[in-house]
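A.B. asks: Once you've had a glance at the structure underneath, I'll fire off some questions.
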Amino acid sequence: MTLCYCADDLVLLAKEEKVLQDMNDKLIEIGRCYGMEMNVEKTKVMRISRQPFPVNIMIDQKQLQNVESFKYLVSILTNDGRCTCEIKCRIAMAKDAFNKKRTLFTSTLDLELRKKLVKCYVWSIALYGVETWTLRAIDQKHLESFEMWCWRRMEKTSWTDHVRNEEVLLRVKEQRNILHEIRKRKANWIGYILRMNCLLQQVIEGKIQEEIVVTGRQGRKRRKLLDDLKERRGYSHLKEEGLDRTMWRARFGRGFGPVVRQTAK
């Protein structure tokens, strides 16, 4: 392939508006050297911040449209930097996939086989890209509710039957497992990144060249990507274990079990 007529799904990231404008101008200049033009109508700009003010980026004297969210490589990015919108979208897509194969999942096939089919065809859609999610408490509730939704639909158990979640789990011989699966996938991916000296590792660690002074910020500190794995030991212990593959697998492997809830009788 010697000629490239179009290039899609390009994202430019910058900490300052002026830097982003310079990067955009440079991209346009290089593209025109190869006979390529940037489509102003399809190009959007978004500021990710607690207070996402509009950004003024120009292309040929035309201002780009500011958006609150956009889809990039099948994932939804929002201006608040959270994953809630992406998680809700993934759950909706997974439920739609379940409904299309409802006859198969609710058939008289063996229970273990039907559970494997649900995790293969439905959970795989819901958990796409889960390695990069930062889960808040409300996001975990959405995911656990989706998990129970799958088992209830598979067993044809309606909410009008007044069957508790614990009873449904006993019927399908399962535990609360979806959050465990998420943590395991994140551990496998992050462990691989921590053993590499690359840009992605610096992004995860939050390393920057210039100092950013934050003033007047109120409210609780936001959760970070590694908070699900750090617990109380801190990042230094986490990275030390990540550099040793054997130690990492010992901590986040078979011993990193599913969630078991204790309910008061």
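None of the figures in this text is laboratory data; all of them are computed from the coordinates on show. Because the structure is a prediction, the values reported are computed rather than measured. Using ideal geometry, Cβ is built from the backbone for each residue, glycine included, and neighbour counts are taken over all protein chains shown.
A.B. asks: Work out how much length Leu73 to Ile30 would gain on full extension: take 0.36 nm times their residue separation and subtract the Cα-Cα distance, in nm to one decimal.
C.D. replies: Working it through step by step, the gained length comes to 13.1 nm.
A.B. asks: Scale the Cα Rg of region 84-176 by the rule-of-thumb value 2.2 N^0.38 Å and send over the ratio, two decimals.
C.D. replies: 1.07
A.B. asks: Report the calculated FRET efficiency for Leu13 and Lys100 (r = Cβ-Cβ distance, R0 = 35 Å), to the nearest 0.05.
C.D. replies: It comes out at approximately 0.40.
A.B. asks: Determine the relative contact order of region 17-73: mean sequence separation of Cα pairs under 8 Å and six or more apart, normalised by residue count, in whole percent.
C.D. replies: Reported as a whole number, the value is 32 percent.
A.B. asks: Could you give the length gained on full extension between Arg171 and Trp189, defined as 0.36 nm per residue of separation minus the Cα-Cα distance, in nm?
C.D. replies: 3.2 nm
A.B. asks: Among the listed pairs Lys15/Lys44; Lys18/Lys44; Lys95/Lys156; Lys95/Lys186, which have their C-alpha atoms separated by more than 19 angstrom in this model?
C.D. replies: With Cα atoms farther than 19 Å apart: Lys95/Lys186.
A.B. asks: Expressed in nm to one decimal, what extension gain is obtained for the pair Ile48 and Gln65 from 0.36 nm per residue of sequence separation less their Cα-Cα distance?
C.D. replies: 4.7 nm
A.B. asks: OK, next. In which sequence would Leu199, Leu117 go, from the one with the fewest C-beta neighbours within 10 Å to the one with the most?
C.D. replies: Fewest to most other Cβ atoms nearby, the residues stand as Leu199, Leu117.
A.B. asks: Does region 17-73 classify as rounded, prolate or oblate by the C-alpha gyration tensor (a ≥ b ≥ c root eigenvalues; a/c under 1.5 gives rounded; else a/b over b/c gives prolate, otherwise oblate)?
C.D. replies: The shape class here is prolate.
A.B. asks: So if I take the alpha carbon set of region 46-139, get Rg, then get Rh from the Kirkwood formula, what is the Rg over Rh ratio?
C.D. replies: 1.17
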